[in-house]
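Notes follow once the structure below has been shown.
The values are calculated or read from the model by the stated rules, or taken from the named source; none is laboratory data. Please read these numbers as outputs of a predicted model, since none were measured by experiment. Ideal geometry is used to build each Cβ from the backbone, glycine not excepted, and the neighbour counts take in all protein chains shown. Calculation scope for accessible area: heavy atoms of the full protein, side chains included, ligands and nucleic acids excluded. Shrake-Rupley method; radii C 1.70, N 1.55, O 1.52, S 1.80 Å.
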Amino acid sequence: QKEVEQDPGPLSVPEGAIVSLNCTYSNSAFQYFMWYRQYSRKGPELLMYTYSSGNKEDGRFTAQVDKSSKYISLFIRDSQPSDSATYLCAIMNTGFQKLVFGTGTRLLVSP
Amino acid sequence: DTGVSQNPRHKITKRGQNVTFRCDPISEHNRLYWYRQTLGQGPEFLTYFQNEAQLEKSRLLSDRFSAERPKGSFSTLEIQRTEQGDSAMYLCASRGGGESYEQYFGPGTRLTVT
């Protein structure tokens, strides 16, 4: 079993839709949770970062963490064609330095 | 803050050749990471530096791979005797000190081994 599971998609939605992207993880020691956006052939870009259960909002993006279920989500409101990219969840344990990534979910937002 | 830079952006090499990649982190960041990403997968951790000290290495980092950060600023990743399985995107990330855990990635170096 992988430490972090993420549906690879693709997820296709029309412009303006609310998008929900999710990851599950197996190690309860994980404490820090990040979402990255990666356009084709580019490096990952940090979108959101949180270390506690609950919600964190930044513009059209909301990150949600449920540590009891080992489940994290990223919601995108009013999705735009420019949001079309691969979204990677990444999780970290402070005892170790590395980020553990999901496989990424490819999102396609059609005009 | 000019971001993390990586050079070259693309490298095509023949099997058996040696290649070297460079990463320049965000200037005030003392922590530097190397990851490898293959098609359809998330990045996988290779190694970590705090200042000039290499503190962690993945089992993915075979003896053909070596990384350095001689003065605690830029870093190099060298692959000796490249194999076709080394074809991937090599990503560098940096992170500031203290309680900041966010890692910021560069654009990557895409390696193709023919």
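Counting residues in segment B:70-78 that are part of a loop (DSSP other than H, G, I, E, B) and free of Cβ contacts under 8 Å to residues at least 40 places away in the same chain gives one or more. Of all the listed residues (B:E44, B:E52, B:E78, B:E83), the sole one being closer than 22 Å to A:C89 by Cα, modelled with pLDDT of 90 or more, open to solvent by 20 Å² or more (accessible area, probe 1.4 Å) and of a type in the set (D, E, K, R) is B:E44.
If we scan segment B:88-99, do we find a residue that is over 15 Å from the mean Cα position of the chain (by Cα) and within 12 Å of chain A (Cβ to nearest Cβ)? Looking for residues that are over 15 Å from the mean Cα position of the chain (by Cα) and within 12 Å of chain A (Cβ to nearest Cβ), one finds at least one in segment B:88-99, hence yes. For first residues located in segment B:1-13 and free of Cβ contacts under 8 Å to residues at least 60 places away in the same chain, partners that are open to solvent by less than 90 Å² (accessible area, probe 1.4 Å) and lie 6+ apart or on another chain with Cβ distances below 8 Å form the pairs B:D1/B:I26; B:T2/B:I26. The residue list A:G16, A:G59, A:G102 contains one member that is at pLDDT 95 or above, open to solvent by less than 70 Å² (accessible area, probe 1.4 Å) and within 14 Å of another protein chain (Cβ to nearest Cβ), which is A:G102. Among the candidates A:S79, A:S52, A:S68, the residue that is polar (S, T, N, Q), within 14 Å of chain B (Cβ to nearest Cβ) and either open to solvent by 40 Å² or more (accessible area, probe 1.4 Å) or not in a strand (DSSP E or B) (or both) is uniquely A:S52.
Scanning segment A:33-49 for residues that are open to solvent by less than 30 Å² (accessible area, probe 1.4 Å) and either under 22 Å from B:A88 (Cβ atoms) or of a type outside the set (A, V, I, L, M) (or both) turns up A:F33, A:M34, A:W35, A:Y36, A:Q38, A:G43, A:P44. Meeting the requirement of 2 or more residues that are more than 12 Å from chain A (Cβ to nearest Cβ), the strands (runs of 3 or more DSSP E) wholly within segment B:1-68 are B:10-13, B:19-24, B:65-68.
Picking from residues in segment A:82-105 that are outside any strand (DSSP E or B) and in contact (Cβ under 8 Å) with a residue 40 or more places away in the chain, the one that is farthest from the chain's Cα centre (by Cα) is A:G95.
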